[in-house]
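First up is the structure itself, then whatever we jot down about it.
Please treat every number below as a calculation from the coordinates, not as lab data. Because the structure is predicted, anything quoted here is derived from the model rather than measured. Ideal geometry is used to build each Cβ from the backbone, glycine not excepted, and the neighbour counts take in all protein chains shown.
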Amino acid sequence: MTQVVKQLCLLLFLGLMFFSCESEYSRTVKRELKSGVVHEDLIFGMKIGQTRQNFYDKCWLLNKQKLVNQGPGNKFARHVMLIDSTQENSDKVEMLFYGIFDEDKIMHGMHMKMSYIKWAPWNEEYHSDKLIEALKKKYLRKYPGNDFLTIDIKDDIKAFAKVDGNRQILIYPNSDKDVTVKIQDLRQKDLPDQ
């Protein structure tokens, strides 16, 4: 083999190794952002790009309609929802939520904490792992498109990420009770190497 052929083979091998090291998550994010598709919907008619004042005004209206109230420590709005509104006797979930804002007070996502109302340490059917599965189904119905991918985040915690265009829905457990859900605009987020 000539030296040139050996170098080409080495470059091809290194290129294949680099591509195979990139995760499915990273490839999906790159592909979706490159698509140019923009999703702005969050929850309760709120949208990416609104101001903090828009968020407060919407929460005020939702409170007047008795759909939300003040969450613990006045750090979140609180809403009780059915995990599956299409199902009779669906379980109730407490959702605490607050917008994700930049330094200019523009909303680039929504941070939510959820738990089953019926949660108890001995009641395993209402633990966070079961809630995660129910939430994945709920968000796949509400936001059709790509499926959830499993990714590793801090301290070996498994998370589930759904990426469609610029929007990522990230779900992960905080404890046996609580689950975090974040809907974020990937155009405004520092992306981890997953």
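Here is how the numbers come out for the structure above:
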quantity: Calculated FRET efficiency for the pair GLN188/ILE117, C-beta based, R₀ 22 Å, to 0.05; calculated: 0.10
quantity: Listed pairs LYS75/LYS138; LYS137/LYS177; LYS92/LYS130; LYS75/LYS130; LYS75/LYS105; LYS30/LYS142 exceeding 21 Å between Cα atoms; calculated: LYS75/LYS138; LYS75/LYS130; LYS30/LYS142
quantity: Phi to ³J(HN,Hα) by Karplus 6.51 cos²θ - 1.76 cosθ + 1.60 over region 176-181, Hz, x for Gly, Pro; calculated: 5, 9, 9, 10, 9, 10
quantity: Furthest towards positive pole of dipole, LEU170, THR51, ALA120, structure part region 23-188, Cβ charges; calculated: THR51
quantity: Anisotropy class of region 23-188 from Cα gyration tensor, a/c 1.5 cut; calculated: oblate
